[in-house]
Amino acid sequence: MTEKTLGLYLHIPFCLSKCPYCDFYSGTDMTNADRYVDALLLHMADYAGAAAEYDVDTVYIGGGTPTSLPIGRLLELIDGVFANFSVRRDAEITVEANPATVSTSELRRLRHAGVNRLSMGLQSADDAELSLLGRIHTFSDFTDSFRAARRAGFQNLNVDLMYGIPGQTPGSFRRSIEQVLALDPEHISLYGLKIEDGTPFAARRDSLPLPDEDSECAMYFSAIETLSEAGYPQYEISNFAKPGHKCLHNLRYWNCEEYLGFGPGAHSYFGGRRFAFRRNLEDYIANMERPGSIADMLSENYEIPPSERLGEYVMLRLRLNEGIDTDVFAIRFGVSFEKLFGKYLRLYEQHGFMEKVGRSWRFTPKGMFVSNTILSAMLDFDSDMLRRTADGTDC
Ligand code: SF4
């Protein structure tokens, strides 16, 4: 076992149908699915040497809808992970699985191949809301898939839920949460619906019966309370888990630890560099089939300057309930967190958005709800100061 650890992300850019709110890189044309799986296998083999010194402790196959691939091909990808990387025996291996796209026998095969965590996209337990979201499954399809996953031996299941859905009320949202809790998953992710530019929802934004901001706020706060009382304390802005079931792969992102991403649109943080591949499936396949041209498909590739490292750490760590430990920050960056951000910390503390617990600063639930606004104020406003500080010319 080496000391350096790594997370892997494999992007599967296919879905059975495209949800009108979604801006993830995915499409419904599966014509090139076989060539794409071959391309991913080639890509992983290409990186095996560079990652030889690392132990892989998390693998996340997401999308898109990974379970839209024929099961045999999905299993080949999992075998490819084991063949090319040193995967720890206790590694967390997650596959995203949409309801109504998997059978019990396919789930058994995934479990047998080493997958030990499933993340299931439900969004709502209300069929009318699911239909408005353009989802292809009902709540009953979801419960069938959830129970099938349990029968297949999965003991670590995540359920994705959403608030802010057109037509949703605090009452219907509460019922969704209660119905999910009745199934007893290990982990729940809760996202607010965002109307992303370029999506069909954005084109008809004005006619969507979206809940107002006060209702959204009420849903978020009530969820934090209900889930915490039910044994799922919040550990990140959008994530809640039973003890011992936090998502280790996502924690890598929030803790600024290394990961490699494969596929169009996938991002990596590896060897002090950040890089990402263009969101273009055909390009990705063509470049993989032409050895030696990986650099041609990068949309970004740069060494992370010290100022950006500090800003990223603040932005990512404050997503977590643990927040920022001032001693750890000082050791990591050689500067005091409170000296750097003191005026913001005091202001947001006075208004109930932040609090200090022991040595750590963190958002309160009220602060979590508006964390993007607070973080952009803290980090944008002081970008010059951050750069001087991290370059060693200030503080
Ligand atoms: S299934 Fe998921 S990835 Fe696919 S379109 Fe819907 S939300 Fe997007």
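Readers should treat all values here as calculations from the given coordinates under stated rules, not as data from a laboratory. These figures come from a predicted structure and were not determined experimentally. A quick note on method: Cβ atoms are made from the backbone with ideal geometry, for glycine too, and the neighbour counts reach across all protein chains shown.
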Table column - 3J(HN,Hα) (Hz), the stretch 307-318, Karplus curve with 6.51, -1.76, 1.60, x for Gly and Pro: 5, 5, 4, 5, x, 4, 4, 4, 5, 7, 5, 6
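For the stretch 5-253, how big is the tail of P(r) above 27 Å, as a whole percent of Cα pairs?
37 percent
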Under 5 Å, built H, 5+ apart or other chain: amide partners of Tyr163: Tyr191, Gly192, Leu193
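Starting with the highest mean, order 152-158, 64-70, 344-350 by the number of other Cβ atoms within 10 Å, averaged over the residues of each peptide.
64-70, 152-158, 344-350
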Spin-label pair Ser140/Thr226, simplified geometry with 7 Å Cα→Cβ offset, distance in nm: 2.3 nm
Cut-off 15 Å between beta-carbons: net charge of the residues surrounding Cys256, Lys and Arg +1, Asp and Glu -1: 0
Mean separation of Cα contacts under 8 Å, 6 or more apart, over the residue count of the chain: relative contact order %: 14 percent
Computed over the stretch 12-152, the ratio Rg/Rh where both radii use C-alpha atoms and Rh is Kirkwood: 0.99
Pairs of alpha carbons in the stretch 306-390 whose separation is greater than 18 Å (percent): 34 percent
Convex hull projection area averaged over all views, the stretch 176-259, Cα basis, nm²: 7.5 nm²
Charge-dipole axis of the chain as Lys and Arg at +1 and Asp and Glu at -1 on Cβ define it, positive-most pick from Ala182, Ile224, Phe329: Ala182
Separation in nanometres of the label points that stand 7 Å from Cα toward Cβ, at Thr169 and Arg147: 2.9 nm
Inter-part distance where the stretch 42-93 and the stretch 219-283 are each reduced to a Cα centre, Å: 17 Å
For Val56, Val357, order by how many other beta-carbon atoms lie within 10 Å, fewest first: Val357, Val56
Ordering of 276-283, 89-96 by burial proxy (mean other Cβ atoms within 10 Å per residue, highest first): 89-96, 276-283
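So, R0 is 41 Å and r is the distance between the beta-carbons of Ser17 and Lys366; what FRET efficiency does that work out to, to 0.05? Could the numbers behind the result be given before it?
Values: r = 37 Å, r/R0 = 0.91.
E(calc), rounded to 0.05, equals 0.65.
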Amide H within-cut-off set for Met120, under 5 Å, with H built and near neighbours excluded: Ala97, Asn158, Val159, Asp160
Karplus-derived 3J(HN,Hα), 6.51/-1.76/1.60, for each residue of the stretch 354-371, Hz, glycine and proline x: 9, 8, 10, 10, x, 8, 10, 9, 8, 6, 7, x, 4, x, 4, 5, 10, 4
Zone of Arg88's modelled label, taken as backbone nitrogen in the stretch 1-41 under 18 Å from a point 7 Å along Cα→Cβ: 1-9
At R0 = 35 Å, FRET efficiency that the Cβ-Cβ distance of Leu208 and Glu3 yields, to 0.05: 0.10
Percentage of interatomic Cα-Cα distances in the stretch 24-101 larger than 14 Å: 65 percent
Net length gained if the chain between Ile195 and Ala295 were fully extended (0.36 nm per residue, minus Cα distance): 32.7 nm
Area projected by the alpha carbon convex hull of the stretch 212-359, averaged over all directions, nm²: 12.6 nm²
Dipole moment magnitude, nearest 20 debye, the chain about Cα centre, only Lys, Arg, Asp, Glu C-beta charged: 540 debye
Cβ-derived FRET efficiency at R0 22 Å, Phe24 paired with Gln350, nearest 0.05: 0.05
